[in-house]
Amino acid sequence: MKIYDLIIIGAGPAGITASVYAARKQLDFLVISLDIGGQAAWSGDIENYTGYQFITGPELTHKFEEHMRKYGTALKENEEVLELAKLGQVIRLKTNKADYQARSVIIASGKKSKELGVAGEKEFKHRGLTYCATCDGPLFTGREVAVIGGGNAALDATLQLIKIVKHIYMVNNALSLSGDAIMLRKVEAAANVTILNNSSVIAVLGDKFVKGLKIKSLNQEKELIVQGVFVEIGLIPNSAFVKDVEKNSKNEIIINARNQTNISGIFAAGDVTDVPEKQIIIAAGEGSKAALSVFGYLSKNNF
Amino acid sequence: MAKSVKVYSTSTCPWCMRAKQFLKENNIEFQNLDVSGDQLAADEMMAKTGQMGVPVFDIDGEIIIGFDKEKIKLALGL
């Protein structure tokens, strides 16, 4: 079986940037990813990626993808890595479609949405309950909806929905909303948003589609009449397929300043790691750093 | 004969954009139905699939939910 210099797992901002650097270093490499753009593809308005005063998530993802494809990079899309292990000098990967070998890997598999874990959540997924306001928001034109969460992701979803839906209930289990002040002010100023702090979801209600939400608000149970539920309660790292590398209590892969994990040849970058702050620009920077570290590693370990 | 292809989508969903790009690259003619602005199309999609996720493909009556490239290729005979 062919042994690649490098396999990059993930094609979000970290993975794609790593691929651009790897291509420019003329490494023999492959990118394996379930999707393109990762969480960036689902973002609404982006106003803090230097060089773009304003760009949407899908547009920035399109630019990233164009940049990656410019180098004719080998990409395995819709493919999920299930196992990863180092045997001797070689790192072996097993996906849902094939097996691969490489001298080094960069894990840039990002994070995914956390689930509520309440009754009705699974049943009503895509039947009114969604984890992506960018994708499904427009389906709720003129309807009443609930956004679950109180951080930046929930604020972003709410801001996207303000222009589309009739009314939004923000169900937040903390005492107050957190997140960027600019977004917070916009949400608080909106006429069609009701903020319910100190509130948690008990169940999602409905028949064929969502019809309501049972919540506990300030220790009192009540029902909200909504046709849409947007879950924005945070993220968990896609790190379960790597068993041997060290992770922190949040299951983020622990890396050093050069993006190395505790296993030589296995590097990681972006939101799947313990890097402080999760931002598109940070993930992109980490991806470039990881690729340069890999280049250094391969030069020193010429096998 | 060319198959009849309908895509139920919204203008903002990244998978819809990728799906439409994929069809264009393969020179497949299709009818795009924006379910965010068209309640009839939205109702039609929900009736066909019993769900609200986009994109949905109707390829000569075969319904595919989500941008499942392999299934779409198979349905189109690519």
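The values are calculated or read from the model by the stated rules, or taken from the named source; none is laboratory data. Since we're looking at a predicted model, the values are computed, not measured. Because the Cβ atoms are built from the backbone with ideal geometry, glycine has one as well, and the counts that use them run over all protein chains shown.
Okay, here's what the table says:
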read-out	value
Among (1) under 18 Å from residue B:10 (Cβ atoms); (2) in a strand (DSSP E or B) - the single one residue A:164 does not satisfy	(2)
Of all residues in region B:22-55 being without any contact (Cβ under 8 Å) to a residue 24 or more places away in the chain, among the polar types (S, T, N, Q) and closer than 17 Å to residue A:227 by Cα, the one that is surrounded by the fewest Cβ atoms within 10 Å (Cβ to Cβ)	B:39
Subset tally (residues that are surrounded by fewer than 22 Cβ atoms within 10 Å (Cβ to Cβ) and in contact (Cβ under 8 Å) with a residue 60 or more places away in the chain) for region A:135-147	2
Every residue from region A:41-93 that is over 15 Å from residue A:15 (Cα atoms), assigned to a loop (DSSP other than H, G, I, E, B) and among the acidic types (Asp, Glu)	A:47
Among the candidates A:255, A:195, residue that is closer than 30 Å to residue A:128 by Cβ and either hydroxyl-bearing (Ser, Thr, Tyr) or touching an Asp or Glu at 6+ places or on another chain (Cβ under 9 Å) (or both)	A:195
Failed condition for residue A:209, given (1) at pLDDT 95 or above; (2) surrounded by 15 or more Cβ atoms within 10 Å (Cβ to Cβ); (3) within 17 Å of residue A:146 (Cβ to Cβ)	(1)
Residue satisfying all of: in region A:26-44; among the aliphatic types (A, V, I, L, M) and more than 12 Å from every other protein chain (Cβ to nearest Cβ); farthest from residue B:67 (Cα to Cα) among these	A:27
Tally of residues being assigned to a strand (DSSP E or B), without any contact (Cβ under 8 Å) to a residue 40 or more places away in the chain and surrounded by 15 or more Cβ atoms within 10 Å (Cβ to Cβ) across region A:167-199	7
Only one of A:109, A:113 that is small (Gly, Ala, Ser) and either over 26 Å from residue A:250 (Cα atoms) or modelled with pLDDT of 95 or more (or both)	A:109
Which numbered condition residue A:152 fails, given (1) modelled with pLDDT under 95; (2) under 26 Å from residue B:65 (Cα atoms)	(2)
Positions within region A:235-244 being touching a residue at least 60 places away in the same chain (Cβ under 8 Å) and part of a loop (DSSP other than H, G, I, E, B), in sequence order	A:238, A:239, A:241, A:243, A:244
Whichever residue in region B:2-13 is assigned to a strand (DSSP E or B) and among the aliphatic types (A, V, I, L, M) and, among such residues, is farthest from the other protein chains (Cβ to nearest Cβ)	B:5
All positions within region A:45-84 that are under 20 Å from residue A:98 (Cβ atoms), of a type in the set (A, V, I, L, M) and either within 14 Å of another protein chain (Cβ to nearest Cβ) or surrounded by 15 or more Cβ atoms within 10 Å (Cβ to Cβ) (or both)	A:75, A:81, A:84
One residue from A:283, A:268 being touching a residue at least 12 places away in the same chain (Cβ under 8 Å), under 22 Å from residue A:21 (Cβ atoms) and touching a helix residue (DSSP H, G or I) at 6+ places or on another chain (Cβ under 6 Å)	A:283
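Residues are listed down the side, and each one gets a yes or a no for (1) in a strand (DSSP E or B); (2) within 26 Å of the chain's Cα centre (by Cα); (3) among the polar types (S, T, N, Q):
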site: A:215; (1), (2), (3): yes, no, no
site: A:223; (1), (2), (3): yes, no, no
site: A:233; (1), (2), (3): no, yes, no
site: A:249; (1), (2), (3): no, yes, yes
